[in-house]
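Single-structure report; data block below.
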Amino acid sequence: VTIYLDHAATSPMLAEVVEAVQPWLGRPANPASVHAPGRAAAAAVEQARAEVAALLGRPPAGVVFCSGATEANHTAIRGLWATGTRRFAASPIEHPSVRGALEAVQASGAEILSLPVGRDGVVRLDLPSEVDALVLMAANHETGVRQPVGDAAALAARIGARLHVDATQALGSGPVDALALAETVALSAHKLGGPVGVGALSLRSGAPFPALLTGGSQERGRRAGTVDVAGVVGFGVACRLAREHGPARAERWGRLAASLRAGLDALGARPVGDRARAVPSTTTVVFEGVRGDALVQALDLAGIAVSSGAACASGAVGPSPVLAAMGEAEPAGGLRISFGPGTRADEVEALLAALEAALPLIREASSWE
Ligand code: PMP
């Protein structure tokens, strides 16, 4: 059996989520239908909407279900553009889906100003000139480092700018500061032990917002397409569990991360970014002179699943834009270990033992190259 320590890529559905989803799989469930099965589906969707809103601390009427954070980021950023935003500020460490949406609005004429990033992995809110919107993730997908959402909200209020927050990597271990102040927030179910392929865009109010997918009146005209009731129900349960167990998870992950860090330090690892500012579930380090993808492969052979960065990026071998933006000399060198609700101390021990065995072999092999 694989020891799975790659929950930042995707975290398997929690048992309670599987149980809640199951009855909806073999049932007619179109919440737009007026008959009894349709009404039952609509009620289940509204219950899930309330759970998503409660986790975010934002109004349920503003929650728009969609296929995940990629779609939510695109809807938000293209929607900001469509409603008058012309100058966006964002950093190079944003998720590729945010970068992609920014490139799309840039092609239409938007200006994108680049925010600098420190060695600590934290975005600096130094605006080179006036902007209409700030785009900032709550926690980075490769380093886990939390970003200054509260400061961004204060800055946005001061200069009259709008704020989009990608909260996808930040919600499993307790509330995120100042999330209520953002105009739009993106999140995804599968990082929380919910199903893959479902997520939400949270708007500050129930007001209309330009839809990416148009033509149907679902989600109050803000996202056309039949709602995935099974997925949304699972998402709601995952959000409830995150809200109820987030603080306890954070405490447990904090203890596991401390012993992981001690073991990694003993093996000569160097932390990437300010680990004290990271979410407790994610640990990212560099072993000097050792490629992250070589470590991932060696650990895979030992039956341990980790990542050298974002899963979206690690299929393609190349330097990580996140580590490069942080000024890392070896942007291909990251090793990301990320915990889930079921991660145990003996799994962390097994990872450290496998790394201790693999490191000298990889170092020896690369000295022949
Ligand atoms: N934003 C961040 C920060 C992420 O980590 C991810 C998932 N890798 C996404 C957006 C995209 O989420 P989804 O898989 O739901 O499209």
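General remarks:
- With respect to the conditions (1) of a type outside the set (Gly, Ala, Ser); (2) over 26 Å from ARG249 (Cβ atoms); (3) within 16 Å of the ligand (Cβ to nearest atom), VAL145 falls short on a single one, namely (2).
- A count restricted to region 31-47 and to residues that are surrounded by 15 or more Cβ atoms within 10 Å (Cβ to Cβ) and either more than 30 Å from VAL98 (Cβ to Cβ) or within 16 Å of the ligand (Cβ to nearest atom) (or both) stands at 6.
Condition check ((1) within 17 Å of the chain's Cα centre (by Cα); (2) under 16 Å from GLY68 (Cβ atoms); (3) surrounded by fewer than 22 Cβ atoms within 10 Å (Cβ to Cβ); (4) within 16 Å of the ligand (Cβ to nearest atom)) across all residues:
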site: SER202; (1), (2), (3), (4): yes, yes, no, yes
site: PRO210; (1), (2), (3), (4): no, no, yes, no
site: GLY215; (1), (2), (3), (4): no, no, yes, no
site: GLN218; (1), (2), (3), (4): no, no, yes, no
site: ARG223; (1), (2), (3), (4): no, yes, no, yes
site: VAL232; (1), (2), (3), (4): no, yes, no, yes
site: ARG240; (1), (2), (3), (4): no, no, yes, no
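- When residues of region 1-30 are limited to those that are among the small types (Gly, Ala, Ser), closer than 17 Å to GLY197 by Cβ and not in a helix (DSSP H, G or I), the one farthest from the ligand (Cβ to nearest atom): ALA29
- Qualifying positions in region 107-164 - hydrophobic (A, V, I, L, M, F, W, C) and touching a His at 6+ places or on another chain (Cβ under 8 Å): ALA133, LEU134, VAL135, LEU136, MET137
- Yes/no for GLU94 being farther than 23 Å from PRO208 by Cβ and surrounded by 23 or more Cβ atoms within 10 Å (Cβ to Cβ): yes
- Residue in region 99-114 that is at pLDDT 95 or above, within 21 Å of ASP228 (Cα to Cα) and either within 16 Å of the ligand (Cβ to nearest atom) or not aromatic (Phe, Trp, Tyr) (or both) present: no
- Residue match in region 318-333 (condition: within 23 Å of ALA350 (Cβ to Cβ), at pLDDT below 95 and buried (at least 21 other Cβ atoms within 10 Å of the Cβ)): yes
- Listed conditions (1) crowded, with 22+ Cβ neighbours inside 10 Å; (2) assigned to a helix (DSSP H, G or I); (3) among the aliphatic types (A, V, I, L, M) are all met by VAL64, apart from (2).
- Of all residues making up region 158-193, the number that are part of a loop (DSSP other than H, G, I, E, B), closer than 26 Å to ARG87 by Cα and not hydrophobic (A, V, I, L, M, F, W, C): 5
- The set of residues in region 251-277 being surrounded by fewer than 17 Cβ atoms within 10 Å (Cβ to Cβ), hydrophobic (A, V, I, L, M, F, W, C) and out of contact with any Phe, Trp or Tyr (no Cβ under 8 Å at 6 or more places or on another chain) consists of ALA258, ALA262, ALA266, ALA276.
- Among residues of region 194-232, those that are under 29 Å from PRO341 (Cβ atoms), touching a Lys or Arg at 6+ places or on another chain (Cβ under 9 Å), of a type outside the set (Val, Ile, Thr) and not in a strand (DSSP E or B), counted: 1
- Selection of region 177-197 for residues being out of contact with any strand residue (DSSP E or B) (no Cβ under 7 Å at 6 or more places or on another chain) and within 16 Å of the ligand (Cβ to nearest atom) yields HIS190, LYS191, LEU192, GLY193, GLY194, PRO195, VAL196, GLY197.
The values are calculated or read from the model by the stated rules, or taken from the named source; none is laboratory data. Source: prediction; values computed, not measured. All Cβ positions, glycine included, derive from the backbone under ideal geometry; neighbour counts span all protein chains shown.
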